[in-house]
Amino acid sequence: AQKSNLPAVDKSPMDMAYYPHHYPSLKLQNKVTEPLAARIIYSRPQIKGREIFGTLVKYGEVWRLGANEATEIQFFRNVIINGKMIHKGRYTLYALVNQDNWTMILNRETDIWGAFKYDAAKDVIRVSVPVQHTDEPVEYLSMLFEKAAGGCNLVIAWDKVQVAMPITF
């Protein structure tokens, strides 16, 4: 038998979330009730007993919001974030993490590995969001869009930290 040249399974698998939630499945079943607005693609590192915030993800440094490739968000229509019109398209989403708040950074440069070549000159918007501390840790970095008045919130949770970035459309 021939040896496979396929890569091993990544330790931080890639995932994606849609707004509306489960959009591809709803579309397949002809049950779509509102148009596709956003999709986020990210890698899901685990805690694995490590100190996450302040150590692995250093305070005051730009983070790729996951592992491997930087997190990408795509808007399928124009949206508003923090009062600013964001045109439909694909963006990289970074975070500048601090203990009490994160600065979410939408950047024009896509298809990036990590945040090693992050270029602030390509930022579209920066938005400060408060940190919410949770009682139970979330082992895998998790992201989802939750329905909210006038749009949705992009919710990001890992360890005992959660943030939400409002998006309106």
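Couple of notes before you dig in:
- Arg50 being touching a Lys or Arg at 6+ places or on another chain (Cβ under 7 Å) and outside any strand (DSSP E or B): no
- Flag if Thr103 is surrounded by fewer than 19 Cβ atoms within 10 Å (Cβ to Cβ) and either free of Cβ contacts under 8 Å to residues at least 40 places away in the same chain or not basic (Lys, Arg) (or both): yes
- All of Lys48, Lys88, Lys84, Lys58 fail the test of being at positive phi, at pLDDT 95 or above and charged (D, E, K, R), apart from Lys48.
- Filter result (surrounded by 18 or more Cβ atoms within 10 Å (Cβ to Cβ) and either without any contact (Cβ under 8 Å) to a residue 24 or more places away in the chain or part of a strand (DSSP E or B) (or both)) within the stretch 10-40: Ala17, Tyr18, Tyr19, Tyr23, Ala38, Arg39, Ile40
- The stretch 35-54, residues that are β-branched (Val, Ile, Thr) and more than 15 Å from the chain's Cα centre (by Cα): Ile47, Ile52
- Where a residue in the stretch 155-169 is in contact (Cβ under 8 Å) with a residue 60 or more places away in the chain and surrounded by fewer than 20 Cβ atoms within 10 Å (Cβ to Cβ) and its partner, wherever it lies, is part of a loop (DSSP other than H, G, I, E, B) and small (Gly, Ala, Ser), with Cβ under 7 Å and at least six apart: Thr168/Gly150; Phe169/Ala37
The values are calculated or read from the model by the stated rules, or taken from the named source; none is laboratory data. All of these numbers come straight from a predicted model, not from anything done at the bench. Cβ coordinates were reconstructed from backbone atoms using ideal geometry, including for glycine residues, and neighbour counts include every protein chain displayed.
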